[in-house]
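To keep things clear, I will list the structure first and then write my remarks on it.
Computed from the coordinates by the stated procedures, all read-outs in this text should not be read as laboratory data. Model, not experiment: these values are computed from the prediction. Backbone-built Cβ (ideal geometry, glycine too); neighbour counts: all protein chains shown.
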Amino acid sequence: MSTAAGSKSPVDLADRNTPLIRNEWYVAALADEITREPLRRTILEQDIVFYRDTQGRAIALQNRCAHRSYPLSKGYLDGDNIVCPYHGMEFGTDGRCARIPSQKTVPEAMCVQAYPLVEQGSFVWIWTGAPDQVDRDKLVAQPWFTEPDWAHVAGYFPMKAGYLGLHENLLDLSHFPFVHGAALGKPEHAESRPKFEVVDGMVKSAVMHRDVVVGPAFASVAKMTAPIDRLSEQIVPTPAIHLGKAIYTDSSDPQKTSVRYIVHYPTPETRTSTHYFWGVARDVGIDDPAVEEETRAVAAKAFDEDRRVLEDIETVYEADIRPQFREKIIATDSGGIQLLRLFAKKARAEHADA
Amino acid sequence: MSTAAGSKSPVDLADRNTPLIRNEWYVAALADEITREPLRRTILEQDIVFYRDTQGRAIALQNRCAHRSYPLSKGYLDGDNIVCPYHGMEFGTDGRCARIPSQKTVPEAMCVQAYPLVEQGSFVWIWTGAPDQVDRDKLVAQPWFTEPDWAHVAGYFPMKAGYLGLHENLLDLSHFPFVHGAALGKPEHAESRPKFEVVDGMVKSAVMHRDVVVGPAFASVAKMTAPIDRLSEQIVPTPAIHLGKAIYTDSSDPQKTSVRYIVHYPTPETRTSTHYFWGVARDVGIDDPAVEEETRAVAAKAFDEDRRVLEDIETVYEADIRPQFREKIIATDSGGIQLLRLFAKKARAEHADA
Amino acid sequence: MSTAAGSKSPVDLADRNTPLIRNEWYVAALADEITREPLRRTILEQDIVFYRDTQGRAIALQNRCAHRSYPLSKGYLDGDNIVCPYHGMEFGTDGRCARIPSQKTVPEAMCVQAYPLVEQGSFVWIWTGAPDQVDRDKLVAQPWFTEPDWAHVAGYFPMKAGYLGLHENLLDLSHFPFVHGAALGKPEHAESRPKFEVVDGMVKSAVMHRDVVVGPAFASVAKMTAPIDRLSEQIVPTPAIHLGKAIYTDSSDPQKTSVRYIVHYPTPETRTSTHYFWGVARDVGIDDPAVEEETRAVAAKAFDEDRRVLEDIETVYEADIRPQFREKIIATDSGGIQLLRLFAKKARAEHADA
């Protein structure tokens, strides 16, 4: 990492040199990635092993035997415990050592960090902060991923780029016609100028597009063909979540509406790489496999296009080492700038506490 | 890079820890490498995109969109402008932003660095220094690469080794029999001891070999078969150029002469890697394709042999980290030593200015 | 290398941040690896070339021409000398330059470091410390690898893990059933608690197992089938050697004994990679090819299992960068802890001297 490259201007904005924000819930994995086979994943620069206990609960432990640093992910499960295959030590789901084969007693200190997890539909959330500061109130309720009157698709990309660029990308609609092409990049996107504001520590915006002509693909998914009014809301409640909500209303029949949530979860692996999780929930066609497939295909294609853009930018951060470079700002960056200022403040506060 | 490894002795000689010398013209590319397809190349640690405008002029811009750091080399051309494919911003050949699709006005500051280029026959030169210090008088006229009574061949190797070693190599003839074998390594080379001196800030030497017997390959290229007198001149006018000139005279007929320029352009990519450009110009057989081919083949083979030697040395700099190691000097290093002292002085002066 | 990761607790124990201990003899190569073809190998962070002179003596020189840093290992031999193929300089077996083709005299200073070597059966030892502190008394006599009433097998693994972990592994028997499986991991291993003590600056232990039932594989190698008494001794005389000795006695006939030496030589390549040499000597079946083969197969399999464990641990040191992590200690670590304390002391003393 070229530590000084890619700095933002002014200096009170978070950039790749800003410490990660730990006292939050982040998506760690898709629910079906965590099984009885241990899964190794680095989250916020921490090496972690995931597995399910015998009751099916997802477990996350520090992936480093407390004794001689062996990666527990290369071990095996014995009931609810994970066994380190070097000396046979067993760790329980709370991270405490349950057995040391070569001796009768187990010292109190022989434990690995256990990470609180919460499963929410297709997503498993992890608390990466100080264990004594776990704050369940910080979990954002997302019923559209769990309630029966909704259907959703979910996905995951590893991304070789920092998570901040993804947040900026998501708060900016003006890249749509250039990155996502004609299918998504409607004229109203390039010129849309949502007004962002910070409310209760969250960046928010809402923008209404009226009498939008929809194409056949959207029509089949949203079950609407007439010109529509679209209210697009965006909110970043935490560094782990970008929540997009679209409310579609038939322009000629205000009773005919549908709602869609397009949610992105940028989980930092390191400061320069990201686990990019996403989910799209709908309240129409919830039992229609064709809608399901179309939704998944459109989302996966678009989000992968963003991923490639952000990875290309990362190569510049690596290649161009002039520390004095500062990115310039345009009007459509307003949301991103407010967010980066907020994140810088959060990081400073956390750092001051620690 | 092992920062302290491979230091020269005494300490006032440039080595791989010496900052690169920026206020100079360097060869950036062969002319035919720059087309309407953007070309990405790192020159003196700067990420740069090259292309030709609609009139065929070579353009070089900082390869980093001023807005969100996207590599312009992954964009596309629209007339004379290059378009960043992230938000559609267009930059003109002067580096100023010409269009921001999402807004009507373009801020003054929205520009990327434009690098002055000069095309000279097969070679495109770039000014890598401070834009406000562009000095066209520093360009070295090399008419043998542009005038009609000359012919030349040109080539390019990427080299995983610093440029200083190449300069030293070129100022030293004693490696010829060992690195280039019998074809080039004539007995007179191993023992030749050209006298180097610094004149007007340039390292220079001239050495005369009389009654040299030439082999059939040379004879066919130089159109001479009799024993010849050869005056070999070397000059390093800038850190970017090693200029070799050979004047061949028929030993028995002083009127019968030919001249050849063998020019090397070691352009630093980083402190430990180099773009190695070269050209060989002749005033005989200028329309003879067989001479052309033979000249190219001999040069490319020899220069590639040097490249491999220098890359092997680079592996030692990486593997052997003892900071106290100092290279020892022999008589034939005289030219290189004077050059390294000069470069160290230039670098210090530039650093003091900055 | 994450410099602070993987620290031991308490702080007076050697870890991967501790400087290597240089004033010792280390195994540099198996004897048959050193031939008339130059061999390049990094030992204790030093790039070294090995070859045999015309009389068959093993030679080790700094792999860096004193003149322009070319790797001599890419050169060729001329009689007893190694020739640098860049300028033809020749270096003798004492490291002094014997010839500079381009000049008549050779400066005194034109020499490369020559490393003292001692050949001992299958193993070639190198002194990596200060040349003026060579101490032949520090060489540990190991007659079982040279005397005619013994036979031995020897091997070598490159290992991407630090050498300290291997020492800890070897002093700890409790990993046997987990890493080496049922064949080697006898019940008495998991619970064996050898008492370690430091005697004359060496970590030592001895443990007796009585009435051990031996399997057919061991029986065929040791030529014993009855229940046996086994005295296992371990000693680490220097950071370069882990010496294991097993004395087998027929439980019902004290006159019937055999001895085996199982010796490990962990030679640091860098602080995070190791040349792992080993040898197993026996005083029974010394002319029996089946015993030879069985011994080699069992040893190579077991030591490779250890190598894989240690390389897995190295990935954790790289991935998990929390500096505050401290490994916890259990009873069976007693030997390793004493050793790491000893090594830390040695490193500090050497550092203070230098």
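Numbers for the structure displayed
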| read-out | value |
| --- | --- |
| Global geometry of segment B:12-144, whether rounded, prolate or oblate, following the gyration tensor of its Cα atoms and the 1.5 cut on a/c | prolate |
| R0 of 22 Å, Cβ-Cβ distance A:ALA331-B:ASP94: FRET efficiency to nearest 0.05 | 0.40 |
| Spatial separation of Cα centroids for segment A:222-258 and segment A:287-354, in angstrom | 22 |
| Cβ-derived FRET efficiency at R0 45 Å, B:ALA219 paired with B:VAL198, nearest 0.05 | 0.80 |
| Given charges at beta-carbon only (K, R positive; D, E negative), |dipole| of the protein assembly as shown in Debye | 1460 |
| Chain A, Rg to Rh (Cα coordinates; Rh as Kirkwood inverse mean 1/r) | 1.01 |
| Cysteines in chain B lacking a second Cys C-beta under 4.7 Å | B:CYS97, B:CYS111 |
| Whole-number percent relative contact order across segment C:143-353, with pairs defined as alpha carbons under 8 Å at least 6 apart | 28 |
| Label 7 Å beyond Cα on the Cβ vector: A:ASP287 copy-to-copy distances, nm | 8.7, 8.7 |
| Point-charge dipole on Cβ atoms (K/R +1, D/E -1) for segment A:144-353, about Cα centre, debye to 20 | 580 |
| Theoretical gain in end-to-end length, B:ARG36 to B:ASP132 [0.36 nm per residue, Cα-Cα removed] | 31.8 nm |
| Trypsin sites (Lys or Arg not before Pro) lying in DSSP loop within segment C:2-104, provided at most 11 other Cβ fall within 10 Å | C:ARG36, C:LYS104 |
| Antiparallel %, DSSP beta bridges [both residues in chain A], to 5 | 100 |
| Karplus (6.51, -1.76, 1.60) ³J(HN,Hα), θ = phi - 60°, over segment B:143-150, in Hz, Gly and Pro reported as x | x, 5, 9, 10, 7, x, 8, 10 |
| Chain B - charge dipole about Cα centre, Lys and Arg +1 at Cβ, Asp and Glu -1, debye rounded to 20 | 800 |
| Cα gyration tensor category, rounded, prolate or oblate, for segment C:72-216 with a/c compared to 1.5 | prolate |
| Amide H within-cut-off set for B:PHE123, under 5 Å, with H built and near neighbours excluded | B:ALA31 |
| Per-residue mean of C-beta atoms belonging to partner chains within 10 Å, peptide A:270-280 | 0 |
| Charge-dipole axis of the protein assembly as shown as Lys and Arg at +1 and Asp and Glu at -1 on Cβ define it, positive-most pick from B:ALA219, A:VAL259, C:ALA60 | C:ALA60 |
| Label-to-label distance, nm, for residues given as A:ASP12 and C:GLN55 (7 Å Cα→Cβ offset) | 7.9 |
| For C:VAL214, distant residues with modelled amide H under 5 Å away | C:ILE228 |
| Ranked B:SER102, B:SER273, C:SER174, criterion: other C-beta atoms within 10 Å, fewest first | B:SER273, B:SER102, C:SER174 |
| Pairwise FRET efficiency - A:LYS160 versus B:ALA141, Cβ, R0 = 35 Å, nearest 0.05 | 0.15 |
| Estimated inter-spin distance, A:LYS104 and C:ALA352, nm [label 7 Å along Cα→Cβ] | 4.2 |
| Distance (nanometres) between label positions extended 7 Å along Cα→Cβ at B:ASP287 and C:ILE247 | 9.7 |
| Sorted by Cβ neighbour density within 10 Å, fewest at the top, the residues A:MET208, A:MET202, B:MET159 | A:MET208, A:MET202, B:MET159 |
| Subset of A:LYS74/C:LYS328; C:LYS204/C:LYS345; C:LYS138/C:LYS204; A:LYS328/B:LYS74; C:LYS204/C:LYS256; A:LYS195/A:LYS345 violating a 23 Å alpha-carbon distance limit | C:LYS204/C:LYS256 |
| Average projection area in nm² (convex hull over Cα atoms of the protein assembly as shown, one quarter of hull surface) | 51.7 |
| Which of B:ASP283, C:ASP15, B:ASP32, A:ASP200 has the fewest Cβ neighbours within 10 Å, and the rest in rising order | A:ASP200, B:ASP32, B:ASP283, C:ASP15 |
| Cα-based Kirkwood hydrodynamic radius, segment C:146-286, one decimal, Å | 16.2 |
| Charge-dipole axis of segment B:25-134 as Lys and Arg at +1 and Asp and Glu at -1 on Cβ define it, positive-most pick from B:ILE43, B:PRO107, B:ILE126 | B:PRO107 |
| Note, ³J(HN,Hα) from phi for segment B:92-104, Karplus 6.51, -1.76, 1.60, rounded to Hz, x at Gly and Pro | x, 5, 8, x, 7, 6, 9, 6, 10, x, 7, 8, 7 |
